[in-house]
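Dumping the structure here so I can ask a few things about it.
The values are calculated or read from the model by the stated rules, or taken from the named source; none is laboratory data. Everything numeric in this text was worked out from a predicted model, so none of it was measured. Backbone-built Cβ (ideal geometry, glycine too); neighbour counts: all protein chains shown. Accessible surface areas use protein heavy atoms only, side chains included; no ligands, DNA or RNA. Shrake-Rupley method; radii C 1.70, N 1.55, O 1.52, S 1.80 Å.
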Amino acid sequence: QVQPVESGGGLVQAGDSLRLSCAASGRTFLPYAVGWFRQAPGKEREVVATINWGIGNTYYADSVKGRFTISSDNAKNTVYLQMNSLKPEDTALYYCAAAYSLRVLRESSEFEYWGQGTQVTVSS
């Protein structure tokens, strides 16, 4: 089974950019769907963006469209989340998750393997 490992979180100011990385431990991400989710204090976990590893199809939550980009690097077995024009409401614990699927998934319940999370804090 695959184990996602996140990195790249931190404290930034509104308008700044940040790139999160999700590396696969244990095996390759192929043929998995990989997604980024986030959970702010007092709120439910929500999808941010997902990608189908082998094909590259993507899905974005409306709140991040045009600002965030999910991508994959096959050689490094890593999925990235490039976050631009960050807003204070983007502050959350960001999780990477994987599921054995060839489809583009959108629901957290569809993902089987989860990382520990990386904190992103955006100050105003």
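Is it the case that Thr121 is at pLDDT below 95, under 19 Å from Gly8 (Cβ atoms) and out of contact with any Pro (no Cβ under 6 Å at 6 or more places or on another chain)?
no
Something else now. Please specify each residue of the stretch 18-32 satisfying the condition of being in a loop (DSSP other than H, G, I, E, B), touching a strand residue (DSSP E or B) at 6+ places or on another chain (Cβ under 8 Å) and either among the basic types (Lys, Arg) or open to solvent by 60 Å² or more (accessible area, probe 1.4 Å) (or both).
Of the residues in the stretch 18-32, the ones in a loop (DSSP other than H, G, I, E, B) are 26-31.
Now restrict to residues that are touching a strand residue (DSSP E or B) at 6+ places or on another chain (Cβ under 8 Å): 26, 29, 31.
The one that is in a loop (DSSP other than H, G, I, E, B), touching a strand residue (DSSP E or B) at 6+ places or on another chain (Cβ under 8 Å) and either among the basic types (Lys, Arg) or open to solvent by 60 Å² or more (accessible area, probe 1.4 Å) (or both): Gly26.
Return the only residue of Gln39, Gln3 being at pLDDT below 95 and not hydroxyl-bearing (Ser, Thr, Tyr). Lay out the reasoning, then the answer.
Values: Gln39 fails: at pLDDT below 95.
Residue meeting the stated conditions: Gln3.
When you scan the stretch 71-106, how many residues do you find that are of a type outside the set (Lys, Arg), over 20 Å from Val12 (Cβ atoms) and in a loop (DSSP other than H, G, I, E, B)?
Count: 7.
Still on this structure, please answer the following. Looking at the stretch 43-70 only, could you name the residues that are farther than 16 Å from Val122 by Cα, open to solvent by 40 Å² or more (accessible area, probe 1.4 Å) and modelled with pLDDT of 95 or more?
Correct list: Lys43, Glu44, Arg45, Glu46, Thr58, Tyr59, Tyr60, Asp62, Lys65, Gly66, Thr69.
Just the residues that are within 13 Å of the chain's Cα centre (by Cα) and of a type in the set (Asp, Glu), please, taken from the stretch 75-101.
Listed by number, the list holds a single entry, Asp90.
Further question on the same structure: Under 18 Å from Gln1 (Cα atoms), crowded, with 19+ Cβ neighbours inside 10 Å, touching a residue at least 24 places away in the same chain (Cβ under 8 Å) and not small (Gly, Ala, Ser): is that true of Tyr100 in this structure?
So Tyr100 does not fit the description; no.
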